[in-house]
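Participant: Sharing a structure with you now.
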Amino acid sequence: MRIDTNTPHVEDGWTQAFLLELRLRGVDGRRIGSALAEVEAHCAESGESARSAFGDPEAYAADLAPAPAPAPPDLARDVATSVLGLAGMLLTLAAIGAWSSGTEVELTTGFLAVSALVVLGTVLIVRLAEPLLRAVVKHWWVAVVGGGAPIALFVAVLVTWRQTVVSAPVLPSLVAGLALLAVHTAVTLHGPDLADPVVGPEGAGGTGTMREGTLSRGLDRIGPWLFPVLTAVMAIPLLLL
């Protein structure tokens, strides 16, 4: 994926690595935009490549921002909110499935194991956020394996461990699931605006300003509604069975 920062004289790969490293070090969007504008101005005037003039992009970013910033305190809140949405989605789907089949909602050993794995996974993601992000950006297959392996594991656990631990009536379970989804959405919508766009300095004619793609804008808008939308889509086949 190409990152458009209106820096035509800077190599795309150098720009991406430089921007990512500054982001990981907690540098704000305006400082990143100014740094990119300076690199662009030098390369345009001198004719040099960014790598020849400034060296390795990660090393140059480290010189500009020597110490990586600590993880933002809102990260744990965001992860907890996501877990809340996931729990609401799973409970709602379980209730719809039970209603469709005329049975009670059954919490199995597999369901509880998957819930524990989700919590463990979110803790690991929080603790290893920086190296994981670096790996995903540098190696596309890490994202594929990281996204597919947990799903395969969850399905295997759910299918294998099917012993019922506790049963619950459909209506209370459905209400509880929908309530969790509502709380997740409300918290997400009313949470702080963490957007920090990369913006170049005034008078630079847009140099250093990262253009936001249609996909990125769409994901930002659907973000708070992601779990309710997924729940609705996944509930359709359950209702049709």
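Taken together, the values in this text are just the output of simple stated rules run on the coordinates, not laboratory data. Everything quoted here is computed from the prediction, not taken from an experiment. Here Cβ is always computed from backbone atoms with ideal geometry, including for glycine, and neighbour counts include all displayed protein chains.
Participant: Taking into account only those residues within region 108-122 that are touching a residue at least 40 places away in the same chain (Cβ under 8 Å) and under 18 Å from Gly147 (Cβ atoms), which is surrounded by the most Cβ atoms within 10 Å (Cβ to Cβ)?
Facilitator: Val114
Participant: Any residue at all in region 152-160 that is assigned to a loop (DSSP other than H, G, I, E, B) and loosely packed, with under 11 Cβ neighbours inside 10 Å?
Facilitator: No, region 152-160 contains no residue that is assigned to a loop (DSSP other than H, G, I, E, B) and loosely packed, with under 11 Cβ neighbours inside 10 Å.
Participant: Which members of region 95-140 meet the condition of being assigned to a helix (DSSP H, G or I), closer than 30 Å to Pro237 by Cβ, out of contact with any Leu (no Cβ under 8 Å at 6 or more places or on another chain) and among the hydrophobic types (A, V, I, L, M, F, W, C)?
Facilitator: Result: Ala98, Leu112, Ala113, Ala116, Val119, Leu120.
Participant: Something else about it: Taking interchain pairs and intrachain pairs at least six residues apart, which have beta carbon atoms under 9 angstrom, with the first residue in region 127-146 and touching a residue at least 12 places away in the same chain (Cβ under 8 Å) and the second not in a helix (DSSP H, G or I)?
Facilitator: Pairs that qualify, where the first residue is touching a residue at least 12 places away in the same chain (Cβ under 8 Å) and the partner is not in a helix (DSSP H, G or I), are Ala129/Ala71; Glu130/Pro68; Glu130/Ala71.
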